[in-house]
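Read the structure below first, then the notes.
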Amino acid sequence: MTTIIMIIIAYLLGSIPSGLWIGRYFYHQDIRKEGSGNIGTTNTFRVLGPKAGVVVLLMDILKGTLAASQPYLFHSPVNPLLIGLVASVGHTCSIFDHFHGGKAVATSAGILLAYNPILFIIACVLFISIILLTSMVSCASIITVTTIFIIALVIHDHILAIIAGIITVLIIWRHRSNIQRILHGNESMVHFGLGNYLRHRHQ
């Protein structure tokens, strides 16, 4: 029964459409109708600005962290990654957004924070470094989650490898349109970093 309760809580936490609600109630905008149409952190930054973007980023990370922390709180033997995975699914298939959602990057990072803070820090450093090199959040997301999967294999953390593998597939699938744009050289970029500099230099 405890496991079922944790799964339900994790799904509901993950389902909270942070970007949608922040835009609707504080900015009177529906970010699903602007920018990329995604309700995640990147589009929130793009449409609503950095303040809203930071709030949504922190909320989405917190969703994953709270969900994955439940086994510790309930003194359950269930691996926190398994419960955390449900939050990522909730984020991409939100009951509060007609089973649509974001791309689960920040929420998945929150799961990692609850499970292994050191790997979370490594992931953050890698993510920021790739953004500074490519100026593409999508590229940084895909490479970072894939790297965590590889690290899990190297350190023989089999549960993390399985969950990271599932999340990697999920994130790559959710970024399939971004991958096409990257291959065609027209992916959206943030307004800083080497990639943005080189693109403007060539224009």
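Coordinate-derived values only; no laboratory data. If you're wondering where the values come from, they're calculated on a predicted model, not measured in any experiment. Methodologically, a virtual Cβ is constructed for each residue, glycine included, from the backbone with ideal geometry; neighbour enumeration extends over all protein chains shown.
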With x for Gly and Pro, the residue-by-residue ³J(HN,Hα) of the range 177-194, computed from phi through the Karplus equation 6.51 cos²θ - 1.76 cosθ + 1.60 at θ = phi - 60° and given in whole Hz, is 5, 5, 4, 4, 5, 4, 5, 8, x, 10, 5, 5, 10, 6, 8, 7, x, 5
Residues whose built amide H sits under 5 Å from the amide H of Ser94, excluding neighbours closer than 5 in sequence, are Phe99, His100, Gly101
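What is the chain's relative contact order, in percent, from Cα pairs under 8 angstrom and six or more apart in sequence?
On the way: 316 pairs, mean separation 38.1, N = 203.
It comes to 19 percent, rounded to a whole number.
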Given 118-128, 103-113, 136-146, 58-68, the highest-first ranking by average Cβ count within 10 Å works out to 103-113, 58-68, 136-146, 118-128
Phi-derived 3J(HN,Hα) across the range 12-19 with the Karplus relation (6.51, -1.76, 1.60, θ = phi - 60°), rounded Hz, x for Gly and Pro, is 5, 4, x, 6, 4, x, 3, x
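So for each of 159-166, 191-198 I average, over its residues, the number of other beta carbons within 10 Å; can you give me the resulting order with the highest mean first? Walk me through the numbers on the way to the answer.
Values: 159-166: 19.1, 191-198: 13.8.
My ranking of the peptides, most packed first, is 159-166, 191-198.
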For the pair Leu194 and His156, the simple spin-label estimate (label points 7 Å beyond Cα toward Cβ) gives in nm 3.6 nm
Here the relative contact order (percent) of the range 87-156, from C-alpha pairs under 8 Å and at least 6 apart, is 18 percent
Scalar couplings 3J(HN,Hα) for the range 2-9 by Karplus 6.51 cos²θ - 1.76 cosθ + 1.60 (θ = phi - 60°), nearest whole Hz, x for Gly and Pro, are 4, 4, 4, 4, 5, 5, 5, 4
Note: probe point = Cα of Ser177 + 7 Å toward Cβ; backbone nitrogen < 15 Å; residues of the range 83-118 passing the test are 100-104
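To the nearest 20 Debye, how big is the dipole of the chain about its Cα centre, given +1 on the beta carbon of each Lys and Arg and -1 on that of each Asp and Glu? Write out the running numbers ahead of the final one.
Details: 12 positive and 6 negative charges, 101 e Å.
Taking the Cα centre of the chain as origin, the dipole is about 480 debye.
Once the piece of chain linking Val169 and His202 is laid out straight, how much longer is it, given 0.36 nm per residue of separation minus the C-alpha distance between them? If you can, show how the numbers build up before the last one.
Values: separation 33, 0.36 × 33 = 11.88 nm, distance 3.35 nm.
Difference between extended and current length: 8.5 nm.
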